[in-house]
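Let me begin by presenting the structure, written as structure tokens, before commenting on it.
Only the coordinates and a few stated rules stand behind these numbers; no lab work does. None of these values were measured; they are calculated from a predicted model. Because the Cβ atoms are built from the backbone with ideal geometry, glycine has one as well, and the counts that use them run over all protein chains shown.
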Amino acid sequence: MSLPVLSIIVPCFNEKECINSAVNKLTEILKKLEEDNEISSKSFLFFVDDGSSDETWELIKAEHEKNSKVKGAKFTRNYGNQMAILAGLFESDKLDADCFITIDADLQQEEEKIKEFIQKYKEGNKIVCGIRNNRKTDGLMKKTGAFIFYKLMNIFGVNIKPNHSEYRLLSKEVVQTLENFKERNMFLRGIFSEIGFKKDYVYFDVKPREQGVSKFTFFKMAALALNGITSFSIIPLRMVTFVGFFVALISFCIGLSAFIDKVFLSKAVSGWATIVVTIGFIGGIQILCIGVIGEYLGQLFQEVKNRPRYIIENTVI
Ligand code: UDP
Ligand code: MG
């Protein structure tokens with residue numbers, strides 16, 4: 001069997017501090033794997049600039065001039081990390097890669113584990129997911145958020161292994177299958193959990209970020225989580241129906257007891273506090289339910305427009 005061509009895909013958003021060291025460390029890894037006859041000498045790095053406003057793209061271009069193994073594409077604007085990963089996969093598929101590994105620009109994920117991913121690929125696995133050993137480097141909010149998110153996803157019927165990351169290997173077949181997934185909102189962790197194919201896991205430690213700051217703001221995390229839930233499960237919509245039914249049932253019972261009080265027991269009307277609390281409660285539930293329905297409507301709206309998922313302005317290959 002001929003040696004596989006590996007493409008290492010790196011999404012970058014305002015990562016000017018990280019590009020050079022990422023290129024150096026990853027080139028080193030490619031070199032070592034090539035020397036050990038693990039991968040083809042045609043293997044390369046693919047950087048996707050996700051609409052950075054700093055010098056990220058200039059640095060990628062400069063690295064490309066020095067080293068033809070460095071390739072890249074630049075988005076017209078910030079489309080988010082999921083789209084950057086997707087574009088990296090599809091663009092390097094055009095360059096005839098056989099397997100693909102995605103890793104963050106800050107190399108917080110142990111890049112030394114790439115060898116293990118390749119071994120699992122050679123054992124016949126089509127998807128190899130990187131799972132974090134722990135969340136030590138995350139703040140309390142991110143940790144709690146992730147915990148709630150994975151629990152909710154499980155309740156909603158989407159079985160994602162907790163502590164999943166975007167550090168993963170995919171084979172050519174998987175990437176080409178992924179091209180048939182036409183939805184705008186791609187929640188990759190969910191898709192790889194349900195796409196099938198032979199799968200294995202690599203466990204790794206997360207290092208602290210050496211340069212720059214996290215590009216995943218609270219809002220980006222929250223949006224990713226909401227997209228994950230609404231693009232994979234309709235259980236929240238069903239829950240809305242149930243909640244509506246129960247609230248209606250409770251209101252009916254309260255109404256009935258008031259009626260009995262009035263007609264048969266001739267009791268005085270109870271205090272207005274009860275009424276205010278009930279109205280507030282029901283009002284809150286209604287707004288929440290409309291919000292849930294709105295989330296799904298928003299998803300539909302995005303899908304129906306059928307716009308391109310991302311626009312590439314420039315490439316260096
Ligand atoms: N990233 C991206 N687009 C974004 C936000 C992040 O391509 O809108 C990239 C970022 O450059 C990095 C990776 O996604 O390579 C993970 O981001 P980061 O390290 O900031 O997240 P954290 O490790 O804090 O979760
Ligand atoms: Mg990071």
Kirkwood-Stokes translational diffusion coefficient of the range 44-178, alpha-carbon pairs, 25 °C, 0.890 mPa s, µm²/s: 148
From the residues Cys18, Thr56, Ser68, which one has its Cα farthest along the dipole of the range 1-125 in the positive direction, the dipole being from +1 and -1 charges on Cβ of Lys/Arg and Asp/Glu about the Cα centre? Ser68
Where the centre of each part is set by its Cα atoms, how far does the range 48-75 sit from the range 205-229, in angstrom? 22
Taking all pairs of distinct alpha-carbon atoms in the range 141-294, Kirkwood radius in angstrom: 19.9
Entries in Lys42/Lys71; Lys16/Lys215; Lys32/Lys113; Lys31/Lys172; Lys61/Lys207; Lys143/Lys198 that, when Cα-Cα distance is taken, lie over 24 Å: Lys61/Lys207; Lys143/Lys198
What does the C-alpha gyration tensor say about the overall shape of the range 70-123? Classify as rounded when a/c is under 1.5, otherwise prolate if a/b is larger than b/c, or oblate. oblate
At a Förster radius of 35 Å, what calculated FRET efficiency corresponds to the Cβ-Cβ distance of Thr76 and Tyr296, to the nearest 0.05? 0.80
At a threshold of 8 angstrom on Cα-Cα distance, excluding pairs fewer than six apart, so keeping six or more, what relative contact order does the range 1-152 reach in percent? 30
For the chain, the helices passing both cut-offs (Cα extent along own axis of 18 Å or more, Kyte-Doolittle mean at least 0.5, full DSSP H runs) are 140-155, 218-232, 235-260, 272-305
Relative contact order of the chain, pairs being alpha-carbon contacts under 8 Å that are 6 or more residues apart, as %: 22
With +1 on each Lys and Arg Cβ and -1 on each Asp and Glu Cβ, and nothing else charged, work out how big the dipole of the range 192-297 is about its Cα centre, in Debye to the nearest 20. 60
Where both residues lie in the chain, what percent of DSSP beta bridges are antiparallel, nearest 5? 40
Which of Met239, Met153, Met141 has the fewest other C-beta atoms within 10 Å, and how do the rest follow up to the most? Met141, Met239, Met153
